[in-house]
Amino acid sequence: MPNVVIYPEGKTISLKPGENLLEGLRSANIDVFAPCAGKGWCGKCAVIVEAADPEALSTPTPEEIALLGQKKNAHNWRLACQVEVRENAVIRIPVESRQRRWIKEKTLFISEFQTEPVIRLCQVVLPARDMHNAMGWLDQVVETVESVAGIQPLAWSQDVKETLLLSNSSEWARATFTLLGEQEVVHVQPGFCDHSYGVAIDIGTTTLAVYLCDLVEGRILASGSALNPQVTYGADIISRIAYAQTDLERRKHLQKILIKELNSLIGRLAHQTNIRTEDIIEVVLVGNSVMHHLVLGLDPSGLGRIPFNPMVRTALDLPAVEIGLKLAPTARLHVLPLKAGYIGADAVAAVLGSGLETIEGNALLMDMGTNGEIILKHGRRLFCTSVPLGPVFEGAQITHGMRADIGAVEHVRYDPRRGNFQVTWIGQDNGSKGHGSVKAKGFCGSAVIEIVAEALAAGLIRPDGRIVNSDVPCVTRADSGERALEIVSASDTYNGLPLLFTQKDVRAVQLAKGASSVGIRLLLEYAGLEKRDLARIFLGGIFGTMISPLHALALGILPPVDPQRIRAVGNVAGAGACMALLNRSLRQRAVTLVEQMEYVPLPQDQEFQDYFIEALQFSTSEEARHVLGWD
């Protein structure tokens, strides 16, 4: 009985003399990609023969030679589905022939995804059509597909059967069927196709993010973001709950406008990549608990009152069309589970996307969006809580706040010699004031933090948050009469009016800082840790991507640790959604993560209120100067 050594696994399998190599690999559960089900049509199951006697393997077939081409034939490449094994051999399966493969993706901070597709493609030559016996012909198609797939019986979507019955052009001589979970035929396309598509959706209170993925190759093909249209009905989740709970029609409206924006965003990504939305067959969706309820059309009122119970916590699988997504008729929607009222599917996805549970030592993950989730990893335990940050870190609730878009001030430095602020903004024309250059419009989240930290270090803001009464040129008053700091002069703005940062804006940052500090302190005390025990701090979300860790440390938003321990990890919730889309095992892992995570609710007692009041204090001017390196 011939033995075949498989690399890089280093595994040896025993086959019967003359047994097909692909079948032997499959029987041994060794990963190899063969979308044509071993019929020799696709050329995807290529392997490299590293050692074998001349008679150990069957000779290459003409079809095999044609598919592999001269270069691969010259380097001992073979198609596993075309090889009969007669004697011992050593082969290597390259990464491009893997169904589960590790790939690099630049659009997200996470560098690697491991794929394990939830679907399988089955390429079939359709039997000759009998125009007088359509149902008999359809029965032949079913038998052919089940034979090629090696699964009997298969469940069949009615949409697939109807598509086949309506197909009558020559392009339907061959077809590619999509099998979901090795159980059901859910999609069919004319011709032989090597790709299948899905989308990962991260619904934030302020921002929507969508990733269009190739389910077979495990690649993100395109990504895009858009403003959540529900912001019109409130920038924070409490406002959304208040609007939705008063009237069923209002709740339906919030769902409708959200789904419309998602369909539009998916359509744009599909157009960019020349993909039909009708060929998108799988969706994974994450979001905080309120967004989760609103996109599914569920009543969020229970999340607006103690004990903040969601209507559903478990993972969900349902037809995507049920919520109005315009994809393939049989597209499936998977929604990751929730942990608690304000620890939503996005927090679970963030743990997946950040790899938090695999980090050595104590680590803190902070996703500082409108609803701030904080997760502490200590040993094998995961402690989590949620704090109401509001949208201040995304530029909202600030007088001149805006998203990180053209004209948004993103970096700010105080010039003590001139007594004013030096700024840079997105789209700035290298300081040119010439015709057509972009001028400043407002402050995004990173600028908000830097303004307060720089002003604190300069002594323009006291630790209690009050703007000082000073004769420094940048200290002024707003039209409302409140004290303010002039950050951008009128000559550099789009409307000829100075951009001010008001006392009210400082208070908004103070409240968010207080909530964040209390959440971190609560988790550390619950785990019996000190701030100095943190080996790593991960900052997720849009704000985490753009923030200056030094300025966050200077304000006291982050625990006082070495800045080298702080790392931005991008949209880890979106990354986790992509991972769950591309890897079916990680969907189950998300369920076990929810069981592993320990929710620590914010207490409502007087001690907590004392903590919060204490946490409202910023660092001293001297501490801020030291952190920023002004000493």
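The values are calculated or read from the model by the stated rules, or taken from the named source; none is laboratory data. Since the structure is predicted, the reported quantities are computational estimates derived from the model, not experimental observations. For neighbour counting, all protein chains shown are included, and Cβ atoms are generated from backbone atoms with ideal geometry for every residue, glycine included. Surface areas here come from the heavy atoms of the whole protein model, side chains and all, with no ligands, DNA or RNA. Shrake-Rupley method; radii C 1.70, N 1.55, O 1.52, S 1.80 Å.
Across the stretch 307-320, the number of residues qualifying as under 21 Å from the mean Cα position of the chain (by Cα) and either within 16 Å of Thr205 (Cα to Cα) or in a loop (DSSP other than H, G, I, E, B) (or both) comes to 3.
When the stretch 266-278 is limited to residues that are in a helix (DSSP H, G or I) and open to solvent by 20 Å² or more (accessible area, probe 1.4 Å), the one that is farthest from Pro319 (Cα to Cα) turns out to be Gln272.
The set of residues from the stretch 223-265 being among the hydroxyl-bearing types (Ser, Thr, Tyr) and assigned to a loop (DSSP other than H, G, I, E, B) comprises just one member, Thr246.
Within the stretch 443-457, restricting attention to residues that are modelled with pLDDT under 95 and touching a strand residue (DSSP E or B) at 6+ places or on another chain (Cβ under 6 Å), which residue is surrounded by the fewest Cβ atoms within 10 Å (Cβ to Cβ)? Steps first, answer last, please.
From the stretch 443-457, those modelled with pLDDT under 95 are 443-449; that's our starting set.
In the following step, the residues that additionally are touching a strand residue (DSSP E or B) at 6+ places or on another chain (Cβ under 6 Å) were identified as 443-444, 446-447.
Values: Phe443: 29, Cys444: 27, Ser446: 24, Ala447: 33.
Among residues in the stretch 443-457 that are modelled with pLDDT under 95 and touching a strand residue (DSSP E or B) at 6+ places or on another chain (Cβ under 6 Å), the one surrounded by the fewest Cβ atoms within 10 Å (Cβ to Cβ) is Ser446.
So, of the residues in the stretch 39-64 that are within 28 Å of Pro117 (Cβ to Cβ) and open to solvent by less than 20 Å² (accessible area, probe 1.4 Å), which turns out to be modelled with the highest pLDDT? Selected residue: Val47. Every condition in (1) over 21 Å from the mean Cα position of the chain (by Cα); (2) open to solvent by 10 Å² or more (accessible area, probe 1.4 Å) is met by Leu534 except one, and the failing one is (2). With respect to Leu524, determine if the residue is free of Cβ contacts under 8 Å to residues at least 60 places away in the same chain and among the hydrophobic types (A, V, I, L, M, F, W, C). Spelling it out, it is not the case that Leu524 is free of Cβ contacts under 8 Å to residues at least 60 places away in the same chain and among the hydrophobic types (A, V, I, L, M, F, W, C). Within the stretch 474-485, residues that are within 12 Å of Pro498 (Cα to Cα) and touching a residue at least 40 places away in the same chain (Cβ under 8 Å) sit with their Cβ atoms under 9 Å from residues that are in a strand (DSSP E or B) and aliphatic (A, V, I, L, M), at 6+ positions apart or across chains, in these pairs: Cys474/Leu485; Cys474/Ile487; Ala478/Ala484; Ala478/Leu500; Leu485/Ile461; Leu485/Ile467; Leu485/Val475; Leu485/Leu500.
For the stretch 194-212, give me each residue that is outside any strand (DSSP E or B) and either open to solvent by less than 30 Å² (accessible area, probe 1.4 Å) or of a type in the set (Ser, Thr, Tyr) (or both).
Start the filter on the stretch 194-212 by keeping residues that are outside any strand (DSSP E or B), which leaves 194-196, 204-206.
Listed by number, the residues that qualify are Ser196, Gly204, Thr205, Thr206.
Cβ-Cβ contacts under 9 Å between residues 6 or more apart (or on different chains), taken from a first residue in the stretch 307-318 that is modelled with pLDDT of 95 or more to a second residue that is open to solvent by 90 Å² or more (accessible area, probe 1.4 Å) and not in a loop (DSSP other than H, G, I, E, B), are listed as Ala315/Gln588. When residues in the stretch 232-247 are screened for being in contact with an Asp or Glu (Cβ under 8 Å, 6 or more places away or on another chain) and surrounded by fewer than 21 Cβ atoms within 10 Å (Cβ to Cβ), 1 of them pass.
One line per residue, one yes/no per condition, for (1) over 20 Å from the mean Cα position of the chain (by Cα); (2) of a type outside the set (Lys, Arg); (3) open to solvent by 30 Å² or more (accessible area, probe 1.4 Å):
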site: Ser264; (1), (2), (3): no, yes, yes
site: Leu285; (1), (2), (3): no, yes, no
site: Leu298; (1), (2), (3): yes, yes, yes
site: Arg305; (1), (2), (3): yes, no, yes
site: Val335; (1), (2), (3): no, yes, no
site: Ile343; (1), (2), (3): no, yes, no
site: Ala349; (1), (2), (3): no, yes, no
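Looking only at residues of the stretch 152-175 that are in contact with a Pro (Cβ under 8 Å, 6 or more places away or on another chain) and not in a loop (DSSP other than H, G, I, E, B), we find that the one that is surrounded by the fewest Cβ atoms within 10 Å (Cβ to Cβ) is Glu171.
Among the residues of the stretch 540-571, the ones that are at pLDDT 90 or above and under 21 Å from Ala345 (Cβ atoms) come to 0 in all. Can Val561 be described as closer than 21 Å to His378 by Cβ, of a type in the set (Val, Ile, Thr) and assigned to a loop (DSSP other than H, G, I, E, B)? Against the criterion (closer than 21 Å to His378 by Cβ, of a type in the set (Val, Ile, Thr) and assigned to a loop (DSSP other than H, G, I, E, B)), Val561 qualifies.
Scanning the stretch 1-30 for residues that are in a loop (DSSP other than H, G, I, E, B), at pLDDT 90 or above and surrounded by fewer than 19 Cβ atoms within 10 Å (Cβ to Cβ) gives Lys16, Pro17, Gly18. Considering only residues in the stretch 116-132 that are in contact with a helix residue (DSSP H, G or I) (Cβ under 9 Å, 6 or more places away or on another chain) and either aromatic (Phe, Trp, Tyr) or over 30 Å from Leu215 (Cα atoms) (or both), the one that is least open to solvent (accessible area, probe 1.4 Å) turns out to be Asp130.
Strands (runs of 3 or more DSSP E) wholly in the stretch 65-151 with at least 3 residues that are at pLDDT 65 or above and closer than 30 Å to Ala51 by Cα - which ones? Outline the logic, then answer.
Working: elements: 77-79, 89-92, 102-104, 112-114, 119-125.
In the stretch 65-151, 77-79, 89-92 are the strands (runs of 3 or more DSSP E) which contain 3 or more residues that are at pLDDT 65 or above and closer than 30 Å to Ala51 by Cα.
Checking the stretch 516-536 against the condition returns no match, with no residue being out of contact with any helix residue (DSSP H, G or I) (no Cβ under 7 Å at 6 or more places or on another chain), aromatic (Phe, Trp, Tyr) and at pLDDT below 90.
Within the stretch 460-476, the presence of a residue that is over 21 Å from Met368 (Cβ atoms), within 38 Å of the chain's Cα centre (by Cα) and among the hydrophobic types (A, V, I, L, M, F, W, C) is excluded.
When the stretch 319-330 is examined, which residues are found to be aliphatic (A, V, I, L, M) and at pLDDT below 95? Give the steps one after another, and end with the answer.
First pass over the stretch 319-330, keeping only residues aliphatic (A, V, I, L, M): 320-321, 323, 325, 327-328.
Ala328 - this is the single residue of the stretch 319-330 that is aliphatic (A, V, I, L, M) and at pLDDT below 95.
Residues that are in a strand (DSSP E or B) and open to solvent by 20 Å² or more (accessible area, probe 1.4 Å) within the stretch 360-379 comprise Asn362, Asp367, His378, listed in sequence order. Is it the case that some residue within the stretch 166-175 is touching a residue at least 60 places away in the same chain (Cβ under 8 Å), basic (Lys, Arg) and more than 30 Å from Ile343 (Cβ to Cβ)? No - not one qualifying residue is present in the stretch 166-175.
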